[in-house]
Amino acid sequence: MTSKIIGAGNYIPSDAVRNSFFENHDFMDKNGQILKEDNHTISYKLHQITGIEERRYVDQNTVTSDIGFIAAKKAIEKSGINPETLDYIIFAHNFGDVPFGTVQGDTVPSLAARVKHALGIKNNFCVAYDLLFGCPGWIEGVIQANSFIKSGIASRCLVIGAETLSRVVDIHDRDSMIYADGAGAVVIEACSSGEGILSHLSASHTHKEMDYLFFGKSYNKQSSGETRYLKMNGRRIYEFAIVNVPAAMKKCYDDSGCSIDKLSKIIIHQANEKMDEEIVKRFYALYSKEMPSEIMPMVIGKLGNSSVATIPTLLSMILDNELENHEISVGDIVLFASVGAGMNINAMVYRF
């Protein structure tokens, strides 16, 4: 027995923030010095490296649990189930609900509990909890839900991935241009028909890699006080990812027993277009093959990096035929993969 996706939904904020939004920002280095490059050049280089032209931000009255609820409601509607039949609600995020104008995360009660309440579920035995696992959190939530189902303690689960990274970034750090807001969710249930999850893999690299992503003070030494923001060592993350993620993807795919020639799509965390392309090229090189065209759908150019939300958002878009040149048909084999803070890696092979 395994589990399969029976409904998917997402929430993509309507506020599209183009790179020109950052033209008047005062970007600084970690020593508090204004960067020598002008902001137009910084934006151009960002686009060349990451592929990002714009990203989406939620409105000032919205928090992470709000958009998680919207995505969850859509997934439930697509599945056609009674939400009272859910055994688990797993909400993957990293910063909780962060009200506009603050960077303090609110996680009490859990975001999963807030979504369960908003859905009106009265079943006390529908267990709601949050999961913090960096950007790979949504895949990890699906892996946990699958384990519950395979063990027999659950038959149906809702897994949400949502984040409002626009609330936790340092406006004086050019890396803030990468991050975005969004949400995605799926309903999964028990399955024994040959479709669904075929294999999965997770790993946590915490020896030298633990603090490649971290919370640190603003680069503006005059205004930040003790407030901390999301920071990253982009070069270290890139070097780590292109070496470790392809190997993890291969191990996971080999464990599925499927031929590499049967792989239909790779849905990878939308972190950085060039990095993702290099990861997938190296994955195929491990099989002595060239990366096929159209194997890897990308939406980071328009949606930015919304952490745990990138993969379920992208999956929902494909299933709803919203992405040109990309579709998933019955029998297709899809490899999911993600990398992020921890440093954590995971992957999952799924037959639709």
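Between residue 330 and residue 53, what FRET efficiency follows from the Cβ-Cβ distance if R0 is 30 Å, with the result rounded to 0.05? Calculated transfer efficiency: 0.35. Cβ crowding within 10 Å ranks 235, 282 as 235, 282, fewest other Cβ atoms first.
Give me the number: length gained by fully extending residue 77 to residue 281, i.e. 0.36 nm times residue separation minus the C-alpha to C-alpha distance, one decimal in nm. Walk me through the numbers before you get to the answer.
Details: separation 204, 0.36 × 204 = 73.44 nm, distance 3.70 nm.
My answer for the length gained is 69.7 nm.
If you take the square roots of the eigenvalues of the alpha-carbon gyration tensor of the chain and sort them as a ≥ b ≥ c, do you get rounded (a/c under 1.5), prolate (a/b over b/c) or oblate? Here the chain falls in the oblate category.
How much length is gained on full extension from residue 15 to residue 107, taking 0.36 nm per residue of separation minus their Cα-Cα distance?
On the way: separation 92, 0.36 × 92 = 33.12 nm, distance 2.51 nm.
This chain segment gains 30.6 nm when fully extended.
Dipole of the chain computed with +1 at Lys/Arg Cβ and -1 at Asp/Glu Cβ about the Cα centre; of 101, 19, 141, farthest Cα towards the positive end is 141.
Reducing the range 183-257 and the range 37-112 to their Cα centroids gives an inter-centroid distance of 16 Å. Modelled this way, with points 7 Å down the Cα-to-C-beta line, the labels at residue 274 and residue 251 are 2.9 nm from one another.
Taking GluC sites (Glu not before Pro) across the range 292-325, the ones in a DSSP loop with at most 11 further Cβ atoms lying within 10 angstrom of their Cβ are 294, 324.
Is any residue of the range 249-283 close enough, with backbone N under 14 Å, to a label point placed 7 angstrom from the Cα of residue 323 along the Cα-Cβ axis, and if so, which? Taking a point 7 Å out along Cα→Cβ of residue 323, the residues of the range 249-283 whose backbone N falls under 14 Å are 264-273, 276-277. Under 25 Å Cα to Cα from residue 73, which lysines show up? Leave out anything in the same chain fewer than 8 places away. Output for residue 73: 4, 116, 122, 150, 302.
Which value, in debye to the nearest 20, describes the size of the charge dipole of the range 198-351 about its Cα centre when Lys and Arg Cβ atoms bear +1, Asp and Glu Cβ atoms bear -1, and nothing else is charged? Intermediate results must be reported in sequence, preceding the final value.
Values: 17 positive and 18 negative charges, 144 e Å.
For this selection, approximately 700 debye.
Please report the net charge: other residues with Cβ closer than 15 Å to the Cβ of residue 111, K and R +1, D and E -1. Before the final figure, lay out each step's value.
Numbers: positive: 73, 114, 116, 167; negative: 66, 97, 106, 130, 163, 181.
For residues surrounding residue 111, the net value is -2.
What is the fewest-to-most order of 117, 326, 200, 93 by other Cβ atoms lying within 10 Å of their Cβ? Display every interim value, and only then the final one.
Details: 117 13, 326 18, 200 21, 93 29.
Ranking 117, 326, 200, 93 by Cβ neighbours within 10 Å, fewest first, gives 117, 326, 200, 93.
Let me make sure I get this right: for the range 198-351, a, b and c are the square roots of the gyration tensor eigenvalues over alpha carbons, sorted descending. Under 1.5 in a/c it's rounded, otherwise prolate if a/b > b/c, else oblate. Which is it? Prolate is the answer for the range 198-351, as a/c is 1.5 or above and a/b outweighs b/c. Between residue 291 and residue 124, how high is the FRET efficiency from 1/(1 + (r/R0)^6) when r is the Cβ-Cβ distance and R₀ = 56 Å? Nearest 0.05. The pair residue 291/residue 124 has a calculated efficiency of 0.70. Note on the chain: with charges restricted to the Cβ of Lys and Arg (+1) and Asp and Glu (-1), its dipole about the Cα centre is near 600 debye.
Counting other Cβ atoms within 10 Å, which chymotrypsin sites (Phe, Trp or Tyr not before Pro) in the range 220-306 have at most 16 and lie in a DSSP loop? The qualifying sites are 287.
The phi-based Karplus calculation (6.51 cos²θ - 1.76 cosθ + 1.60; θ = phi - 60°) puts the 3J(HN,Hα) values of the range 333-341 at 9, 10, 9, 9, 7, 8, 9, x, 3 Hz, whole numbers, x for Gly and Pro.
Can you sort 274, 231, 73 by how many other beta carbons sit within 10 Å, fewest first?
Numbers: 274 14, 231 21, 73 17.
Fewest to most other Cβ atoms nearby, the residues stand as 274, 73, 231.
Between the residues 280, 313, 329, the greatest Cα displacement towards the positive end of the dipole of the chain, with unit charges on the Cβ of Lys, Arg, Asp and Glu, is found for 280.
With a cut-off of 13 Å between beta carbons, the residues surrounding residue 42 carry a summed charge of -4, where Lys and Arg count +1 and Asp and Glu -1. Across the options 201, 180, 215, the greatest Cα extent toward the positive end of the charge dipole of the range 159-253 (unit charges at beta carbon of Lys, Arg, Asp, Glu) belongs to 215.
Restricting the GluC sites (Glu not before Pro) of the range 238-292 to loop positions (DSSP other than H, G, I, E, B) with no more than 15 neighbouring Cβ atoms within 10 Å leaves 290.
Readers should treat all values here as calculations from the given coordinates under stated rules, not as data from a laboratory. Model, not experiment: these values are computed from the prediction. Every residue, glycine as well, gets a Cβ built from its backbone with ideal geometry; the counts of neighbours run over all protein chains shown.
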